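The values are calculated or read from the model by the stated rules, or taken from the named source; none is laboratory data. Predicted model, so just to flag it, every value in this text is computed and none were measured. All Cβ positions, glycine included, derive from the backbone under ideal geometry; neighbour counts span all protein chains shown.
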Amino acid sequence: MFFWDPTYIIVLPAILLALYAQMRVRSTYGRYSQVPIASRMTGAEVAGEILRRHGLSSVQVEPIGGTLSDHYDPRTRVLRLSQGVYDGASVAAVGVAAHETGHALQHAEHYGPLALRSAMVPVSSFGSWLAYPLFFLGFFFHSGTMMQLGILIFSAAVAFTVVTLPVEFNASARAMRVLASEGFVTSDELTGVRAVLSAAALTYVAAAATAVLQLLRLLLLSNMRREE
């Protein structure tokens, strides 16, 4: 009964949104990966040039395996780009590279939400794997304390996904602004960049929605167990 309880209906819309977001980001990225950029600059070159112009030459740009595995590590000040972005001279590659460079700019400017998200990483990682076992052990053994502890820990993971939203939106806004104002892309190419980054943003919205609704589901299950 637990695996198929009615409260799953609460999370279903967010799960469907997440599936749609994943399909959309891969489709949009795939489409604009085939559109060459007029400057012929690769993602790595664009990222390096943006960093140089903004006085962040000390930030390293490195390739990393995988697809859409791009990220900026504020601990080591390293910007890692997936091979397709690092070597790609396409609208998609430039857009993704500029977005990740936006995180480096946030870090340099001590952007509050980025600092908060970075501080939350250990707690979020801890909570993401511990919360469910705690909660459902409490659920099966009728331990309100364990259920509440699981909910509390999971709340930290939910907070992380919510804090991630302004961080990602701001990085995309910075990317669009820099690419347009500093002449990296044409107006038509900027439209493609916007499409790629908008699709990527939807995945973060879906993740936050899923986490929030999962938390609501745990609260409902806890309340149901108390009323038995």
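Looking at segment 164-172, can you tell me whether even one residue there is assigned to a helix (DSSP H, G or I), modelled with pLDDT of 95 or more and acidic (Asp, Glu)? So far as segment 164-172 goes, yes, one or more of its residues are assigned to a helix (DSSP H, G or I), modelled with pLDDT of 95 or more and acidic (Asp, Glu). Candidates in segment 114-136 are the residues that are touching a residue at least 40 places away in the same chain (Cβ under 8 Å) and more than 30 Å from residue 199 (Cβ to Cβ); of these, the one that is farthest from the chain's Cα centre (by Cα) is 136. In segment 109-155, the qualifying residues are those that are within 30 Å of residue 171 (Cα to Cα) and among the β-branched types (Val, Ile, Thr), and the one that is surrounded by the fewest Cβ atoms within 10 Å (Cβ to Cβ) is 121. Restrict the check to segment 137-149 and report whether at least one residue is touching a residue at least 24 places away in the same chain (Cβ under 8 Å), closer than 25 Å to residue 166 by Cα and in contact with a Gly (Cβ under 9 Å, 6 or more places away or on another chain). Checked against the condition, which is being touching a residue at least 24 places away in the same chain (Cβ under 8 Å), closer than 25 Å to residue 166 by Cα and in contact with a Gly (Cβ under 9 Å, 6 or more places away or on another chain), segment 137-149 yields no hits at all.
Here residue 8 meets each of (1) more than 23 Å from residue 187 (Cα to Cα); (2) touching a strand residue (DSSP E or B) at 6+ places or on another chain (Cβ under 9 Å) with one exception, condition (2).
Just a yes or no: is a residue in segment 24-43 surrounded by 20 or more Cβ atoms within 10 Å (Cβ to Cβ) and free of Cβ contacts under 8 Å to residues at least 60 places away in the same chain? Looking for residues that are surrounded by 20 or more Cβ atoms within 10 Å (Cβ to Cβ) and free of Cβ contacts under 8 Å to residues at least 60 places away in the same chain, one finds at least one in segment 24-43, hence yes. Going by the conditions given, is residue 10 out of contact with any helix residue (DSSP H, G or I) (no Cβ under 6 Å at 6 or more places or on another chain) and not charged (D, E, K, R)? No; evaluated as a whole, the condition is false for this residue.
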